[in-house]
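The structure appears below as C-alpha cells.
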Amino acid sequence: MTPDGVVDALTTRFAGLAPKATWGETSLFYNPDAVLPNGVYFCTIKDHDGANDTTSQLDRPDVFRVALGLPRERYEQLFGPRPARPPKGGVVRTGNEFAATDVLMPHPIYSWMGWVQVLSPSEATFKEMQPLFAEAYDAAVVKYQRLIAKRARSGG
C-alpha cells in the first residue's frame, strides 16, 4: 500500500469523504455537500514526523501512518480502556512499540480519543481493517448528522 493508494481505496469505498491537506498530512473528512468548513474527521494519512509527533518514526523511507478514530466500545474491545491524555508533546503509555510497521495498535498521541494506527499497512492488513474503517465511517456519519441538526436548530 501507498499513501495515495489508501486515499484512493477509502474515497472509492465510502461516499462523502473529502481529502484535505492539513497539518502536513492528508485528512479524510466526512463532509457530503461541503456543508461544514471541514466536516468530521474519519481518517488521516501521514508520512513524516511532526514537532510533537516523532514516536512512530515516520521519517523512515516508505513509512507512513494510517490512523482512524473508533467508537469507544470498539477501541476498548481491541485494546482495553483508553489511556489517559498525554501531556503536551508526550505520548500515551500503552506498552506498544509505536514504530512497528503493519501492526494495528493505539495511536501514540490520540488513543485517549479512541484513535488507532497502522504504519505502512500491507495489502492483507489493510483488507483486515475494512470492518474498522466501516465502523469509523458510520461513527463519522452519525457525528456529522448531529452537527448538522445542531446547526439547523441554532439557525446556522
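The values are calculated or read from the model by the stated rules, or taken from the named source; none is laboratory data. Keep in mind the model is a prediction, meaning the values are calculated, not measured. No Cβ is skipped: glycine too gets one built from the backbone with ideal geometry, and neighbour counts run over all protein chains shown.
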Quiz item: Listed residues Pro121, Pro86, Pro108; which is at pLDDT below 95 and surrounded by 16 or more Cβ atoms within 10 Å (Cβ to Cβ)?
Solution: Pro86
Quiz prompt | Top-ranked residue of region 50-83 - restricted to ones that are out of contact with any Leu (no Cβ under 9 Å at 6 or more places or on another chain) and hydroxyl-bearing (Ser, Thr, Tyr), ranked as modelled with the lowest pLDDT | solution = Thr54
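Mind listing just one residue for me: the one in region 76-105 that is polar (S, T, N, Q) and in contact with a Pro (Cβ under 9 Å, 6 or more places away or on another chain) and, of those, farthest from Val63 (Cα to Cα)? Show your work before the answer.
Pass one, region 76-105, residues polar (S, T, N, Q): 77, 94, 96, 101.
Subset that is in contact with a Pro (Cβ under 9 Å, 6 or more places away or on another chain): 94, 96, 101.
Values: Thr94: 21, Asn96: 17, Thr101: 8 Å.
Ranking the candidates gives Thr94 first.
Give region 23-56 a look and list any residue that's at positive phi and either among the hydroxyl-bearing types (Ser, Thr, Tyr) or surrounded by fewer than 14 Cβ atoms within 10 Å (Cβ to Cβ) (or both), or say none.
So the first thing to find is which residues in region 23-56 are at positive phi, and the list is 23-24, 33-34, 39.
Within region 23-56, Trp23, Gly24, Asp33, Ala34 meet the criteria.
Of everything in region 133-155 that's of a type in the set (D, E, K, R) and surrounded by 12 or more Cβ atoms within 10 Å (Cβ to Cβ), which residue is farthest from the chain's Cα centre (by Cα)? So that I can check it myself, show each step before the final result.
Narrowing region 133-155 to residues of a type in the set (D, E, K, R): 135, 138, 143, 146, 150-151, 153.
Remaining after also requiring surrounded by 12 or more Cβ atoms within 10 Å (Cβ to Cβ): 135, 138, 143, 151.
On the way: Glu135: 12, Asp138: 13, Lys143: 15, Arg151: 25 Å.
Top of the filtered list is Arg151.
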Self-check item: Thr54, sole failed condition from (1) under 17 Å from the mean Cα position of the chain (by Cα); (2) touching a residue at least 12 places away in the same chain (Cβ under 8 Å)
Solution: (2)
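Taking Lys88, is it outside any helix (DSSP H, G or I) and basic (Lys, Arg)? Quick ask: steps written out before the conclusion?
On the way: outside any helix (DSSP H, G or I): yes; basic (Lys, Arg): yes.
Yes; evaluated as a whole, the condition is true for this residue.
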Exercise. Note down all Cβ pairs under 8 Å where the first residue falls in region 89-108 and is touching a residue at least 60 places away in the same chain (Cβ under 8 Å), the second is of a type in the set (Asp, Glu) and crowded, with 18+ Cβ neighbours inside 10 Å, and they're at least six residues apart or on different chains.
Key: none
Quiz prompt | Extreme residue, farthest from the chain's Cα centre (by Cα), among residues of region 6-50 that are part of a loop (DSSP other than H, G, I, E, B) and touching a residue at least 60 places away in the same chain (Cβ under 8 Å) | solution = Val35
